[in-house]
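Okay, so here's the structure we're looking at.
Read-outs: derived from the displayed coordinates by stated rules, not from any lab. Here the structure is a predicted model, which means the values were calculated and not measured. A quick note on method: Cβ atoms are made from the backbone with ideal geometry, for glycine too, and the neighbour counts reach across all protein chains shown.
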Amino acid sequence: MRTALDELTAAGYLSDSRYARSLAAQKAGRYSRRSIATELKAKGVAQHAIASAIAETNIDDDAALRALWARRFGRAPADEREKGRQVRFLQARGFALSAILKHLRAVERGELA
């Protein structure tokens, strides 16, 4: 089994770097850099391939958080229960609690739509 994988890697059919770039591009805008890196690490991708893929994809966590929130919710939470639901959803996508709360405070103040 290992020999077959080594042969496929040598022939260029298997590439951790290519896989990492593909997954990062696919999840960009819907997940945070941290979440993408954690998933790649769990799948055994080397750290240098992860760092390279995330750098090439130019993932902006703030922009991704705003866009994802706008697509999913689009309005300020009406009550604490709704706020908790929004926070949990965004945390599950790998965004930091501090960034989520900062965004929701800006929305509640009317700074963001």
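What residue among 92, 76, 11 has the largest mean-square fluctuation in a Gaussian network model of the chain, using Cα springs under 10 Å?
Ranking 92, 76, 11 by mean-square fluctuation puts 11 first.
Could you calculate, for segment 61-108, the ratio of the Cα radius of gyration to the Kirkwood radius, expressed as Rg to Rh?
Ratio of gyration radius to Kirkwood radius for segment 61-108: 0.90.
At q = 0.21, 0.25 Å⁻¹, what is the base-10 log of I(q)/I(0) for segment 2-57 according to the Debye formula with one equal point scatterer per Cα and no solvent? Please give it to two decimals.
-0.72, -0.92
Looking at the chain, what % of the alpha carbon pairs are farther apart than 24 Å?
Of all Cα-Cα distances in the chain, 38 percent exceed 24 Å.
Please give, to one decimal in nm, the separation of the simple spin-label points placed at residue 47 and residue 5, each 7 Å out from Cα toward the Cβ.
Here the answer is 2.1 nm between the modelled labels.
If you bin every alpha carbon distance in segment 26-71 into 10 Å steps from zero, what whole percent lands in each bin?
28, 53, 17, 2
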